[in-house]
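Shown next, in structure tokens, is the structure this report addresses.
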Amino acid sequence: MLFQKFQQFMYGRYGGDTFSLALLVIALVLSLIGGLFFWPVTLLADVVYIYVLFRMFSKNIPARQREYYAFLKVWEPVKKWFRFQKQKFDQRGTYKYFKCPNCKQQLRAPRGRGKIEVTCQKCHTVFRTKT
């Protein structure tokens, strides 16, 4: 019964997304910092909490989508970088990662091959490196 009332209330509203979740994490960190060190920071955290609630209960869906897409333009490259760093760490025993000296393209080669001649797939520069 209560769940159905909440569903009816949320009908036509924006709801939550990744941006709202990121804002909640930021607000939580600010709350912890404010509680431990500098209390005015908690006021900033409260402002972020209120903005998250405003976004979730908003009926102006196109405006919230524009905000979300602007967030994704920043978030996706950051997420991609962290994912690549994790891949490099997971494969550190099998592959060696290096950059092309000409175009800075990220390349990889199997470890234990000694000195090899590498051709960059992007700019076709040929160079030698040790694996």
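Please go through (1) aromatic (Phe, Trp, Tyr); (2) open to solvent by less than 70 Å² (accessible area, probe 1.4 Å); (3) touching a residue at least 24 places away in the same chain (Cβ under 8 Å) for residue 95 and return the number of the only condition it doesn't satisfy.
(3)
List the pairs whose first member sits in region 1-23 and is over 24 Å from residue 67 (Cβ atoms) and without any contact (Cβ under 8 Å) to a residue 12 or more places away in the chain, whose second member is surrounded by fewer than 10 Cβ atoms within 10 Å (Cβ to Cβ) and not acidic (Asp, Glu), and whose Cβ atoms are under 6 Å apart, counting only residues at least 6 apart or on separate chains?
none
Which members of region 27-45 meet the condition of being closer than 25 Å to residue 74 by Cβ and surrounded by 14 or more Cβ atoms within 10 Å (Cβ to Cβ)?
27, 30, 31, 33, 34, 41, 44, 45
From (1) closer than 30 Å to residue 109 by Cα; (2) modelled with pLDDT of 95 or more, pick out the condition that doesn't hold for residue 94.
Single failed check for residue 94: (2).
Within region 51-66, is there a residue that is without any contact (Cβ under 8 Å) to a residue 40 or more places away in the chain, open to solvent by 60 Å² or more (accessible area, probe 1.4 Å) and of a type in the set (A, V, I, L, M)?
yes
Kindly indicate whether any position in region 72-89 is aromatic (Phe, Trp, Tyr), closer than 30 Å to residue 119 by Cβ and assigned to a strand (DSSP E or B).
No, there is no match, as no residue in region 72-89 is aromatic (Phe, Trp, Tyr), closer than 30 Å to residue 119 by Cβ and assigned to a strand (DSSP E or B).
Residues of region 98-120 being open to solvent by 60 Å² or more (accessible area, probe 1.4 Å), out of contact with any Cys (no Cβ under 9 Å at 6 or more places or on another chain) and within 16 Å of residue 84 (Cβ to Cβ), which ones?
Once the filter is applied, which keeps residues that are open to solvent by 60 Å² or more (accessible area, probe 1.4 Å), out of contact with any Cys (no Cβ under 9 Å at 6 or more places or on another chain) and within 16 Å of residue 84 (Cβ to Cβ), region 98-120 yields 99, 104, 108.
So that you can scan it fast, the table gives a plain yes or no per residue for (1) in a helix (DSSP H, G or I); (2) of a type in the set (Ser, Thr, Tyr); (3) crowded, with 16+ Cβ neighbours inside 10 Å:
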position: 6; (1), (2), (3): yes, no, no
position: 14; (1), (2), (3): no, yes, yes
position: 19; (1), (2), (3): yes, no, yes
position: 25; (1), (2), (3): yes, no, no
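Can you spot a residue in region 39-50 that is at pLDDT below 95, in a loop (DSSP other than H, G, I, E, B) and on the phi < 0 side of the Ramachandran plot?
yes
Hey, residue 89 hits all of (1) open to solvent by 100 Å² or more (accessible area, probe 1.4 Å); (2) in contact with a strand residue (DSSP E or B) (Cβ under 9 Å, 6 or more places away or on another chain); (3) hydrophobic (A, V, I, L, M, F, W, C) but one; which does it fall short on?
(2)
Kindly check whether there is at least one residue in region 67-76 that is open to solvent by less than 70 Å² (accessible area, probe 1.4 Å) and either within 23 Å of residue 121 (Cβ to Cβ) or among the polar types (S, T, N, Q) (or both).
no
The values are calculated or read from the model by the stated rules, or taken from the named source; none is laboratory data. Source: prediction; values computed, not measured. Glycine also receives a Cβ, built like all others from the backbone with ideal geometry; neighbour counts cover every protein chain displayed. Note: accessible area is taken over every heavy atom of the protein model, side chains too, but ligands, DNA and RNA are not part of it. Shrake-Rupley method; radii C 1.70, N 1.55, O 1.52, S 1.80 Å.
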